[in-house]
Amino acid sequence: MLFSSITFLFYFLPIMLILYYLFVRNFPIKNVVLLIGSLIFYAWGEPWFMLVMLVSILGNYLFALAVDRYRDDTKIAKWILILTVILNIGLLFVFKYADFVIRNINSATNADIPLFNLELPIGISFFTFQALSYVIDVYRRDGRVQKNPFYVALYISFFPQLIAGPIVQYSTVDEQIHRRKETWDKFSVGVCRFLAGFNKKVLLANNFAIIADHVFNNYPNGGCPVLLAWLGSISYTFQILFDFSGYSDMAIGLGLIFGFKFDENFNYPYISQSIGEFWRRWHISLGKWFKDYVYFPLGGSRVKNMDKVIRNMLVVWTFTGVWHGAEWTFLVWGLMNFVALVFERFTNFEEAKIPGFIKWLYTMFIVNLGWTIFRATDLVTAGNYIKSMFGVGTYHFWSDQVWMFLKEYGVFFIAAIIFSIPIGKRYNKMIVEKKISAVVVDVVYPILILGVFLIGVTYLVKGSYNPFIYFNF
């Protein structure tokens, strides 16, 4: 079930709100309502997916109890943790990577190993990482073990952040699960945040998807006119931002509506002036997860040998690429970011006295090129597309389609540029500091955001294109 769907907006969410706020007063029962609702939400499309998630929940609940039970015997606790990692990654491997490995073995050896052909459970990468972080935190004594299995289930399956993040660490929501305070301020801010994310997803991401998919799908073998190739790649660059950040906004907003506060997941990444800064602003929860559970345990940048620092970075970015999907394009995309980050580290790029605009151009060129590889179905297609961007293998610079797309979607490009910079953040700050008229805050803004929401709903009602990139992960 998508947040940006009629079913969720006008059936599931209203029912959840009615049950949570009108019919239930007891706090533990409210958690039960959220848990049952989350399981229904996840099982909506493919009920058997829920079995996979329940196995993950039960297994990690038991592993955490075992780690806590033997925490004084370091050796046993460590072996339990190793088994936890192996089984979690093993579950993820079977569903997400096994067929990719088998296909490559068959291709390299002319073998005929049959594929599993398992459908990928939605959000398995997200809930697997959350489950792992819970057990690891208990092992490190960074979080307390949870004796109530239903609370562990709620943490892992909570529907706002279940299928697309942000990746929530148990230590940040443990207290909120046990006791939290729902307030009108939280509720109203949550609604506004949800609507803002909804509008990003439906009005911006979905329209850019039309352009990007048209260009990428029609020129898999190259030969795309240069400007059209750049328009397609830029459209995808906007699509993935507003698709994923829009969904994160909706998740954070929904959390606030039910009294939970999640950490931010995006912070205007397209204003970055280095790849390092970009990754401090993009998918923040994933970057934090890899730092806390991979990079720092390896020694991070504190190791004396610089070769080990590079090794640690290589491991993290190999995992980051592979986490996003079972295809060589994702690995190359991850390694591309690794190379850029190593370059910036050893040239002290962020401190270099280079005009900010030049730094921004460099950063967005790398980011856009990376998203082009990320979007392609395979490395050959990626190579053909990139060649078209630089005029190799194509005889045309201009295409009438470029003008057609700019005329039809020009307003969305303008809106995308505006919402890629921190205008909204500055507006919110002015509200907090009471520098904006109360009439604007209390009347004009709600009417404006509700009006845009209704426009988005009309797109859904008429069956407009509504893909979601991160369902693949």
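The values are calculated or read from the model by the stated rules, or taken from the named source; none is laboratory data. What you are looking at is a predicted structure, and each value in this text was computed from that prediction instead of being measured. For neighbour counting, all protein chains shown are included, and Cβ atoms are generated from backbone atoms with ideal geometry for every residue, glycine included.
Considering Thr372, Thr381, Thr363, Thr377, which residue is farther than 15 Å from Val215 by Cβ, polar (S, T, N, Q) and either part of a helix (DSSP H, G or I) or under 25 Å from the mean Cα position of the chain (by Cα) (or both)?
Only one candidate passes the filter, namely Thr363.
Can we say Ala77 is more than 27 Å from the chain's Cα centre (by Cα), over 16 Å from Pro149 (Cα atoms) and part of a helix (DSSP H, G or I)?
Yes: the conditions hold for Ala77.
If you take the residues of the stretch 21-54 that are in contact (Cβ under 8 Å) with a residue 40 or more places away in the chain and outside any helix (DSSP H, G or I), which of them is surrounded by the most Cβ atoms within 10 Å (Cβ to Cβ)?
Trp44
Looking at Phe238, Phe216, Phe194, Phe244, which is the one that is among the aromatic types (Phe, Trp, Tyr), modelled with pLDDT of 90 or more, at negative phi and in contact with a Lys or Arg (Cβ under 7 Å, 6 or more places away or on another chain)?
From the options Phe238, Phe216, Phe194, Phe244, the qualifying one is Phe216.
Can you tell me which of Leu228, Leu241 is buried (at least 24 other Cβ atoms within 10 Å of the Cβ), under 28 Å from Ile354 (Cβ atoms) and either among the basic types (Lys, Arg) or outside the structural domain of Pro160 (by TED's automatic domain parsing) (or both)?
Testing whether each residue is buried (at least 24 other Cβ atoms within 10 Å of the Cβ), under 28 Å from Ile354 (Cβ atoms) and either among the basic types (Lys, Arg) or outside the structural domain of Pro160 (by TED's automatic domain parsing) (or both) leaves just Leu241.
Determine if the stretch 218-233 includes at least one residue that is part of a helix (DSSP H, G or I) and under 18 Å from the mean Cα position of the chain (by Cα).
For the stretch 218-233, residues part of a helix (DSSP H, G or I) and under 18 Å from the mean Cα position of the chain (by Cα): absent.
Of the residues Val303, Val315, which is under 30 Å from Asn104 (Cβ atoms) and either surrounded by fewer than 20 Cβ atoms within 10 Å (Cβ to Cβ) or under 16 Å from the mean Cα position of the chain (by Cα) (or both)?
Val315
One line per residue, one yes/no per condition, for (1) among the aromatic types (Phe, Trp, Tyr); (2) out of contact with any Leu (no Cβ under 6 Å at 6 or more places or on another chain); (3) more than 26 Å from Asn337 (Cβ to Cβ); (4) at pLDDT below 95:
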| position | (1), (2), (3), (4) |
| --- | --- |
| Ile358 | no, yes, no, no |
| Leu361 | no, yes, no, no |
| Phe365 | yes, yes, no, no |
| Ile373 | no, yes, no, no |
| Val392 | no, yes, no, yes |
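I need a count of the residues in the stretch 138-148 that are in a helix (DSSP H, G or I), out of contact with any Leu (no Cβ under 7 Å at 6 or more places or on another chain) and either touching a residue at least 40 places away in the same chain (Cβ under 8 Å) or on the phi > 0 side of the Ramachandran plot (or both).
Adding up the residues that qualify gives 1.
Among what's in the stretch 407-423 and is surrounded by 13 or more Cβ atoms within 10 Å (Cβ to Cβ) and either assigned to a helix (DSSP H, G or I) or in contact with a Pro (Cβ under 6 Å, 6 or more places away or on another chain) (or both), pick the residue that is modelled with the lowest pLDDT.
Phe419
Within the stretch 111-155, which residues are of a type in the set (Gly, Ala, Ser) and within 18 Å of Gly325 (Cα to Cα)?
Gly123, Ser125
Do you know which of the residues in the stretch 247-276 that are acidic (Asp, Glu) and surrounded by fewer than 19 Cβ atoms within 10 Å (Cβ to Cβ) is nearest to Lys30 (Cα to Cα)?
Going through the qualifying residues, I end up with Asp263.
Which condition from (1) crowded, with 22+ Cβ neighbours inside 10 Å; (2) of a type outside the set (Phe, Trp, Tyr); (3) under 30 Å from Ile455 (Cβ atoms); (4) in contact with a helix residue (DSSP H, G or I) (Cβ under 6 Å, 6 or more places away or on another chain) is the one that Ile163 breaks?
So the condition that Ile163 fails would be (4).
For the stretch 53-98, name all the residues that are in contact with a Leu (Cβ under 8 Å, 6 or more places away or on another chain) and more than 27 Å from Asp142 (Cα to Cα).
Val94, Phe95, Lys96, Ala98
Within the group Ala205, Ala153, which residue is of a type in the set (A, V, I, L, M) and not assigned by TED's automatic domain parsing to the domain that holds Trp230?
Step by step, each of Ala205, Ala153 is checked, and only Ala153 is of a type in the set (A, V, I, L, M) and not assigned by TED's automatic domain parsing to the domain that holds Trp230.
Among the candidates Gly393, Gly383, Gly321, which residue alone is touching a Lys or Arg at 6+ places or on another chain (Cβ under 7 Å), over 14 Å from Phe278 (Cβ atoms) and either free of Cβ contacts under 8 Å to residues at least 40 places away in the same chain or not hydrophobic (A, V, I, L, M, F, W, C) (or both)?
Gly393
In the stretch 85-137, which residue that is in contact (Cβ under 8 Å) with a residue 60 or more places away in the chain and part of a loop (DSSP other than H, G, I, E, B) is surrounded by the fewest Cβ atoms within 10 Å (Cβ to Cβ)?
That would be Glu119.
Report yes if Ile113 is farther than 27 Å from Thr329 by Cβ, out of contact with any strand residue (DSSP E or B) (no Cβ under 6 Å at 6 or more places or on another chain) and of a type in the set (A, V, I, L, M, F, W, C), otherwise no.
no
Under the condition of being touching a residue at least 40 places away in the same chain (Cβ under 8 Å) and loosely packed, with under 15 Cβ neighbours inside 10 Å, which residue from the stretch 1-20 is nearest to Ile156 (Cα to Cα)?
Top of the filtered list is Leu17.
Just one of Ser5, Ser38 is under 19 Å from Lys201 (Cα atoms) and hydroxyl-bearing (Ser, Thr, Tyr); which is it?
It is Ser5.
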